[in-house]
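The values are calculated or read from the model by the stated rules, or taken from the named source; none is laboratory data. None of the values given here were measured: they were computed from a predicted structure. FYI the Cβ positions are ideal-geometry reconstructions off the backbone, even for glycines, and counts take in every protein chain you see. We work out accessible area using only protein heavy atoms, side chains counted, and drop any ligands, DNA or RNA first. Shrake-Rupley method; radii C 1.70, N 1.55, O 1.52, S 1.80 Å.
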Amino acid sequence: MIYKIYLLIGVVILSQVANSQTEGSAPKNFVFIEPDETMDSIILKAAHVCPSPRQIAWQELEVTCFFHFGINTFTNREWGLKNEDPLNFNPTLLDAGQWIRIAKMAGAKLVIMVAKHHDGFCLWPTEHSDYSVKKSPWNNGKGDVIAEVAAACRENGLKLRIYLSPWDISSPLYGTEEYNQHFINQLRELLTNYGVISEVWFNGACGEGANGKKQVYDWMGYYELVRDLQPDAVIAIMGPDVRWVGTESGYGRETEWSVVPVSKTYTGKVINDPRQSIIRGLYEPLGDRMDIDLGSREKIKDAGGLIWYPSEVDVSIRPGWFYHEDQDSLVKNADQMVDIYFSSVGRNSVLLLNIPPDKRGLIHENDVKSLEGMRKILDETFATNLAAQASIKIIPEYKLSNTANLLDEDNKTFWTPGKGITYCIIELDLGKETVFDCLMLQENFRNGQRVEDFVFEAWINDQWNEIIKGTTIGYKRLLRFDPVKAQLVRLTVLSSRDRPEISTFGLYKLPYD
Ligand code: FUL
C-alpha cells in the first residue's frame, strides 16, 4: 500500500495527442484546452474525449483476476526479503488450469500473473538472472509458471497480462543505470515467449535495492518496448492506459469520471517531447489519485488538457495479496464479493480481484466456495432484465426513434434525445406490477462519458417517488435499493455534458427476500 503513495506524485500519460475536438471528427483520446476557453467549451470537449480501442477492449472485460504467487507464498510474507533461498519455492500440486478455471467461473475474462514481485524471484526461467524457478526444486528446476498459466489461458479462452515489479530488492544491478536494461531484457522475454499479452501492469514501488540504492526507472523505455512488442496491450497503473482507483478496498468512487485533467504545465511538454510520437505519451505528476473527485467541472476547469484514463479497482479476496494459512478463515464471503462487484464494475471501473494460490499451488477451497457463491448470486440477479418487454415513452417527445436500443442488451447501440439536448426523461411501462431492487445503466462510452446527474423514480400511490439518485454512469452503473413494486418507472437525466447516449436500461431483482 505504501508504495501506492508513489502514485500521489505519479504519472498521467497523454496517451494520444489530438487536435482540438469537434463533433463528428474521429474519436480523440486526448484534447488540449486553450488558455481563454469558456467553461461551456471545456465541458463540450470533455464530453467528446473517447477511449482508445485498447481501452475499450479492456473496459469490457469488467472482471479480471490477479494471481500473487511466489517465494512469499512459502515464507509467509507479503514483501519478501533479499535473496531468500529459492529452495523455498516448492508447490506440490501446482495446477495453473485450476486457477484459470476458477477465475473463469468467477466471471474473469483476463488474468494477471505476478511474474516477479518486489523480492525479485522470477516465476519463469529468465536468462537474465539466476534468481528464479530454475534454482527451485519445483519440477526439478525445469518449471515455468508463466508458460503454464499462458497455456491454461489459451485453453480456457482467457486473456493474459503480466505484473513485473520494477522494484527488485535482490538484483545486484538495482539502483544502477544497468538495471533499466536488465528490466527491459526481462520484460522482452515475457512479451515475446508467451503469446499474446493483453496488459502489462506496473506498480510504482521504488524501495531500496540490495545495495541500499533506489532506482530511477526508465518508464519511457519500458513503454516503448511494450508498444513495440505487444501494441494492443494496455499499460496499467504506472502507465498511460489504465488508472489505479486510489484504494485497495474493492470500492470505487460513486462519481467516477474516465476523463481526467492534465495540468497546463505538462500539456506544453507533450508537444515538445520527441519520444511522444513513438509512445504517444508523457509523464505528468497528477496529484492525489485518492481524491474523492478527479474529474468534476471544478477539477477540469483549469486543465491544460483532458485524457481518457479509466479506473481499475484492485482488491484481494483475502487480507493479504499472497496466500497465508492463518487467513483461511478471513476469506471475503460471497455477499462481500457481491458488494465489491457492485461497487467496482457497477461504478464505472474494472474489477481486478486477487485470488492467491496456496502452498500446494492451488486456489484454496474457501476462496473457491466464496467465488461460487458470488457467481450464483450475480447470475441469478442478471438472468432476467425485468424491463426487457417494457414500452418506452420519452417526455417531452424529443426523439422517439431507437428507444428499443435501450433494452436490446447490446451496449453498442444507444438512444439519445438529439443534438444539444442534455435533459431528458425516459418513462417505462413494465406491463405489470413488478418487484425489483437493482438498476443498471450504461452509456455509449465509445463516444465519451457525459451524464452528470440523474434520478430514478417509480409511480407508487398515484405519484412519482424517488427511488435512487446518481451522478456519473460511464461504461456501467449499478445501483441497489430496497425492493420496489411498480409498473411505471422513469429515468430523468438532469444534467449531461452533451447529449446523453444511453445504451442500456435494466431492472433486476437480487435473489434475497
Ligand atoms: C502493491 C504491492 O506492494 C503489493 O504487494 C501488491 O502487489 C499490490 C497489488 O501492489 O503496490
Regarding segment 218-229, can at least one residue be identified that is within 16 Å of the ligand (Cβ to nearest atom) and assigned to a helix (DSSP H, G or I)?
yes
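Could you please let me know if F67 is in the same structural domain as P231 (by TED's automatic domain parsing), more than 24 Å from Y475 (Cβ to Cβ) and within 19 Å of the chain's Cα centre (by Cα)?
yes
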Could you check, for segment 420-432, whether at least one of its residues is assigned to a loop (DSSP other than H, G, I, E, B) and open to solvent by 60 Å² or more (accessible area, probe 1.4 Å)?
yes
Does segment 296-343 hold any residues that are within 26 Å of G70 (Cβ to Cβ) and of a type in the set (G, A, S), and which are they?
S316, G320, S329
Inside segment 157-208, can you point out the residues that are within 15 Å of the ligand (Cβ to nearest atom), of a type in the set (A, V, I, L, M, F, W, C) and in a loop (DSSP other than H, G, I, E, B)?
W167, I169, A205, C206
Looking at (1) of a type outside the set (G, A, S); (2) without any contact (Cβ under 8 Å) to a residue 12 or more places away in the chain; (3) within 30 Å of E34 (Cα to Cα), which is the one condition that is false for M238?
(2)
Tell me yes or no: at least one residue of segment 54-71 is within 16 Å of the ligand (Cβ to nearest atom), assigned to a helix (DSSP H, G or I), modelled with pLDDT of 95 or more and open to solvent by less than 70 Å² (accessible area, probe 1.4 Å).
yes
Hits in segment 127-150 (condition: open to solvent by 10 Å² or more (accessible area, probe 1.4 Å), of a type outside the set (S, T, Y) and assigned to a loop (DSSP other than H, G, I, E, B)):
E127, H128, D130, P137, K142, D144
Going through segment 153-169 in order, the residues found to be on the phi < 0 side of the Ramachandran plot and open to solvent by 10 Å² or more (accessible area, probe 1.4 Å) are R154, E155, N156, L158, K159, W167, I169
Evaluate the following for L14: is it within 16 Å of the ligand (Cβ to nearest atom), closer than 22 Å to K299 by Cβ, modelled with pLDDT under 50 and open to solvent by less than 10 Å² (accessible area, probe 1.4 Å)?
no
Flag if L406 is out of contact with any helix residue (DSSP H, G or I) (no Cβ under 6 Å at 6 or more places or on another chain), at pLDDT below 95 and more than 18 Å from D498 (Cβ to Cβ)
no
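Search segment 107-156 for residues being of a type in the set (S, T, N, Q) and more than 22 Å from E60 (Cα to Cα), and hand back the single one that is farthest from the ligand (Cβ to nearest atom).
Among those that are of a type in the set (S, T, N, Q) and more than 22 Å from E60 (Cα to Cα), it is N140.
Can you list the helices (runs of 4 or more DSSP H) found entirely within segment 239-355 that contain at least 2 residues being of a type outside the set (F, W, Y) and modelled with pLDDT of 95 or more?
By residue number, 297-300, 334-344.
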